[in-house]
Amino acid sequence: MRKAWFVGVALAAPLALAACGGSSPSGGSDADGGSGETIKIASLHPLSGAAAADGQQMDNGAKLAVEAINAAGGIKSLDGAKLQLVSADSQGKPEVGQSEAQRLIQEGVVGIVGTYQSAVSANVATVAERNKVPFVIDVSSADSILSQGYKYTFRVQPSAGVIGQQGAQYLFDVSTAAGKPVKKVAFLHEQGPFGTGVRDAFTKKATELGFQVGPAISYDAASVSDLTTQITQVKASGADVLAVAGYYRDGVLVAKAVSSVKPPVNAVYGVANGAFDLPQFTKEAGAAGEGYFDANYHPDYTKAPMKDLAALYKKQHNDDIRTGAVLAYDSVRVIADALERAKSSEPAKVREALTQTNFESLMAQSGPIAFDEKGENKGAIPILMQVQEGVVNQTWPKDLAQAEPLYPAFGN
């Protein structure tokens, strides 16, 4: 098994890492690399707009990966070629992401990492396929992105279908084990392909498990400023659980509205929620977020290298690392691993190497990062987390649990 050098070596002495730099050779460089070559990888994320905080975290994660790889000797099979990260701002807009992807490819990047929003990633995937340049999705869950038969797009995180189905299963398992099996779930979600895809997958599995999903209530994550009206609908619905699929900023708004309206639910249950499993959420929401669940992809803090990365991020950025930053970090390492095995910076050869990836992730997974014929990461799974006394704990499945799930989460 080829896991390359990054997990141990790159995090062994990271605090003194030098930032990557340099520029690509002018004109056409040797496609198979060579001494002194600088290889460009693009980081395309929302660095402005409503999701800027997440986008900046992800760009920071990508930068840390490049710095670690370069400090560990670069791409050894290419005579120690160094990586250069080229950061770009999608603004969270599909059309901007598309034009930026085209510009980055014209500037000579051998791979793109991004983009956070599924609608943006869908457009970037089209550009990557047309230009035959690998695109590794760190965060964007919509199943439709990889349903096109693309050959150059790969996804590290689990898809919306996987998260939605497993999220429903985990809710059934935890509520049944507690002696209060869930009966009815109200589903609140952002209205884009991400939230809609998660809702549909969750609903399909929930129906198979014998509980009802409804009402389904959507909102525009980019413009919403208050969710009191939507939570009032939940209160009137008679649901015993509120499920929420959305991003960070709107996740905090949910907590504020729930605290105000007080719907009589047994749990607020995130499904691929971009807020409920983050340390920033526990601080910003405070007591309002206590007991919140989230079935989502998540770093595995039982792994020493993950703890080292979190400490490094805190030292460099004075902030707790978010899950998206870890996925961006992993995604850059996956491209670097492909470069190492391909012994070439030619995008087509890098793409071929990506299909043979077998790489240890810093995420909680069922196995190493390995892509199937559609480009999905076969090892990617969600886990169930819960805010317990202000700390996010892994609670399900049992082999990845740090603590027992507390259900019902509220004293209703």
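Each reported figure results from applying straightforward, stated rules to the coordinates on display, with no laboratory input. Worth saying up front: this structure is predicted, and the values here are computed from it rather than measured. As a convention, Cβ positions derive from the backbone with ideal geometry for all residues, glycine included, and neighbour counts pool all protein chains shown.
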Quiz prompt | Ellipticity estimate at 222 nm from DSSP helix runs (n ≥ 4, -39,500 (n - 2.57)) divided over the chain, nearest 500 | solution = -12000 deg cm²/dmol
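What's the extension gain from residue 318 to residue 235 if we count 0.36 nm per residue and subtract their Cα-Cα distance?
Working: separation 83, 0.36 × 83 = 29.88 nm, distance 3.86 nm.
In short, 26.0 nm is gained.
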Quiz item: Rounded if a/c is under 1.5, else prolate if a/b beats b/c, else oblate: with a ≥ b ≥ c from the C-alpha gyration tensor eigenvalues square-rooted, which is segment 137-238?
Solution: oblate
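Which of 241, 224 comes first, and how do the rest follow, when ranked by fewest Cβ neighbours within 10 Å?
Details: 241 24, 224 17.
By the 10 Å Cβ count, ascending, the order reads 224, 241.
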Quiz prompt | Antiparallel DSSP beta bridges within the chain, as percent of all bridges there, nearest 5 | solution = 30
Self-check item: Cut-off under 5 Å, modelled amide H: who pairs with residue 112 long-range
Solution: 42, 135, 136
Quiz item: If one takes the longest principal axis of the Cα atoms in the chain, at what angle in degrees, from 0 to 90 and to the nearest 10, does the Cα axis of helix 304-317 lie?
Solution: 80
Quiz item: Helix 228-237: angle to the longest alpha-carbon principal axis of the chain, degrees 0 to 90, nearest 10?
Solution: 50
Quiz item: What's the lysine pair count for segment 117-212 at a Cα cut-off below 23 Å, pairs eight or more apart or interchain?
Solution: 7
Exercise. Calculate how steeply helix 323-342 sits against the longest principal axis of the alpha-carbon atoms of the chain, using the helix alpha-carbon long axis, and give the answer as 0 to 90 degrees to the nearest 10.
Key: 30
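Using a 10 Å cut-off around each Cβ, can you sort 44, 78, 242, 312 from fewest to most neighbouring Cβ atoms? Could you put the intermediate results ahead of the total?
Working: 44 31, 78 21, 242 25, 312 18.
Fewest-to-most Cβ neighbours within 10 Å comes out as 312, 78, 242, 44.
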Quiz item: How do 303, 314 line up, fewest other C-beta atoms within 10 Å first?
Solution: 314, 303
Quiz item: What is the gain in length, in nm to one decimal, between residue 52 and residue 147 on full extension, counting 0.36 nm per residue of separation less the C-alpha to C-alpha distance?
Solution: 31.4 nm
Self-check item: Max mean-square fluctuation residue, GNM over the chain, Cα-Cα springs under 10 Å, options 138, 59, 220
Solution: 220
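Quick one: plug the Kirkwood hydrodynamic radius of segment 346-407 (C-alpha pairs) into Stokes-Einstein at 10 °C, 1.306 mPa s, and report D in µm²/s. Walk me through the intermediate numbers first.
Values: Rh = 13.6 Å.
Using the Kirkwood radius from Cα pairs, D works out to 116 µm²/s.
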Practice problem: Specify the inter-centroid distance of segment 156-198 and segment 358-388, based on alpha-carbon positions, in whole Å. | Solution: 17
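Would you kindly state how much longer the chain becomes between residue 366 and residue 132 on full extension, computed as 0.36 nm times their sequence separation minus their alpha carbon distance, in nm to one decimal? Walk me through the intermediate numbers first.
Working: separation 234, 0.36 × 234 = 84.24 nm, distance 3.00 nm.
Here the answer is 81.2 nm.
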